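Structure first, then comments.
Derivation of every value follows stated rules applied to the coordinates shown; laboratory data play no part. Worth saying up front: this structure is predicted, and the values here are computed from it rather than measured. Neighbour counts are summed over all protein chains in view; Cβ atoms, including those assigned to glycine, are modelled from backbone coordinates with ideal geometry.
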Amino acid sequence: MAAESIASQDELRRRLVRRGCDVTQATLSRDIHELRLYKGPNGYEAPNGNGHIEEEEEQPAVGEVLSSFGVAVRQAQNQLVLRTTSGGAQPVALAIDHEEWHDVLGTLAGDDTVLIICPDPRRASHMREKLERMIG
């Protein structure tokens, strides 16, 4: 895995967009703060001091992402509509997709809404309850 320094928030935002996470500047600033990244002479650095952000990092757990970005979830038959904070839908959908849950056929993300398609209403109800617990 190649690691490269990232010199600015704008560069980080562009890289995230290329990876499918369309984030706002405000969201990015908050996330940088939460990750405790700081800007050193060679760009943003992690608290461990390695000075690099890995291109292929392990994805955060869906529970972490939902507790940060999730707002509410509603069910419509076999579909769930998950509301997130502004700019939070992409990372939430990505985290759900990476879980490869059998109750989820797929997701579709906008800016603050994720559509989750389940095989049937019963499994959608089960998934809704699970997501509500994670949102808190």
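Return Cys21, Cys118 ranked ascending by Cβ neighbour count within 10 Å, so the fewest neighbours appear first.
Values: Cys21 19, Cys118 23.
With the sparsest Cβ surroundings first, the list reads Cys21, Cys118.
How large is the dipole of the range 62-135 about the Cα centre if only Lys and Arg carry +1 and Asp and Glu carry -1, each at its Cβ, rounded to the nearest 20 debye?
Values: 7 positive and 10 negative charges, 58 e Å.
It comes to approximately 280 debye.
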Round to the nearest 0.05 the FRET efficiency obtained for Arg15 and Glu64 when R0 = 25 Å and r is the Cβ-Cβ distance.
0.80
